[in-house]
Amino acid sequence: MWDNPALPGRAGGGGAAMAANYPGRELEAMAFAVNYHRWIVGELAPFLGRRVAEVGAGIGSVSSLLLEQPIERLEAYEPSDNMFPQLAARLAGEPRARAVNAFFGSEAPTQPFDSVAYINVLEHIEDDGGELGRAFAAIRPGGHLLVFVPALGWLYSDFDRRIGHARRYSRAGLAQVARAAGFEVTRAKYFDLAGVLPWYLNCVLLGRGLGAGGVALYDRLVVPPMRRLEGWITPPLGKNLLMVGRKPA
């Protein structure tokens with residue numbers, strides 16, 4: 001029914017234009033989407049490897065779930081001035097993690113990453129191809145690019161515009177951007193079939209945004225059965241897209 005917490009302050013990428021602060025209530029509402037975030041991380045978990053970069057980590061809602069996986073190192077990049085202190089505080093007691101108040105690519109990694117994750121971030125970046133080129137350079141041969149984005153151009157709404165979405169992706173379009181950056185696309189599938197109609201009605205037709213109550217209700221009642229269903233059957237379309245790319249060995 002909603003989009004994930006990808007807001008203007010989460011847009012990563014060297015040189016990408018974005019506000020230094022983002023006060024949006026939508027991010028606060030998405031803090032209630034715990035099941036939804038676990039579903040995303042569960043889909044990406046087999047491809048994380050040991051050293052992970054999360055681009056546009058926001059306040060760390062997804063970072064905490066990534067650290068529940070058996071990874072050795074997480075570099076969480078968040079350039080916004082208002083969200084970074086919350087991210088840093090959240091990761092302060094975790095020796096495996098480092099919060100970085102910068103755009104991804106602004107500093108060279110000490111060693112290549114096994115994976116770089118963009119969880120509802122890439123749609124905020126105008127030059128998404130250039131951004132994935134930076135990810136390609138930072139990933140070891142055989143490592144993975146992990147992307148989760150909003151899907152279906154006809155779902156683009158005023159709400160998308162307000163929260164800084166430059167686009168919603170098609171499966172073919174997202175794969176094309178990844179391949180142009182040098183990745184082999186090993187997986188590209190639609191995600192959250194049940195969210196298509198509510199998003200269309202709520203955001204496209206009625207022009208509404210997010211509410212914590214609606215997010216929490218959807219997360220509690222709809223997400224668990226949909227996660228099981230989409231584990232058995234690949235949906236023909238969905239509100240989001242999940243893609244895994246591999247850097248050739």
Problem - the chain, helix-only ellipticity at 222 nm - DSSP H runs n ≥ 4, -39,500 (n - 2.57), divided by all residues, nearest 500 - result: -9000 deg cm²/dmol
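By DSSP, what percent of the beta bridges with both residues in the chain are antiparallel, rounded to the nearest 5?
On the way: 14 of 33 bridges.
Of those bridges, close to 40 percent are antiparallel.
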Problem - Inverse of mean 1/r across different Cα pairs in the range 156-249, Kirkwood, Å - result: 15.0
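Given a 1.4 Å probe and every protein chain left where it sits, what share in percent of the accessible area of the chain is carbon and sulfur?
Working: 5610 of 9990 Å².
Exposed carbon and sulfur together represent 56 percent of the surface.
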Fill in the blank from the handout: To the nearest Å², the heavy-atom accessible area per residue of the chain with 1.4 Å probe amounts to 40
Problem - Relative contact order, percent, the chain [alpha-carbon distance under 8 Å, six or more residues apart] - result: 25
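The values are calculated or read from the model by the stated rules, or taken from the named source; none is laboratory data. For clarity, every value in this text was computed on a predicted model and none was experimentally measured. Areas reflect the complete protein model, heavy atoms only, side chains present, ligands, DNA and RNA absent. Shrake-Rupley method; radii C 1.70, N 1.55, O 1.52, S 1.80 Å.
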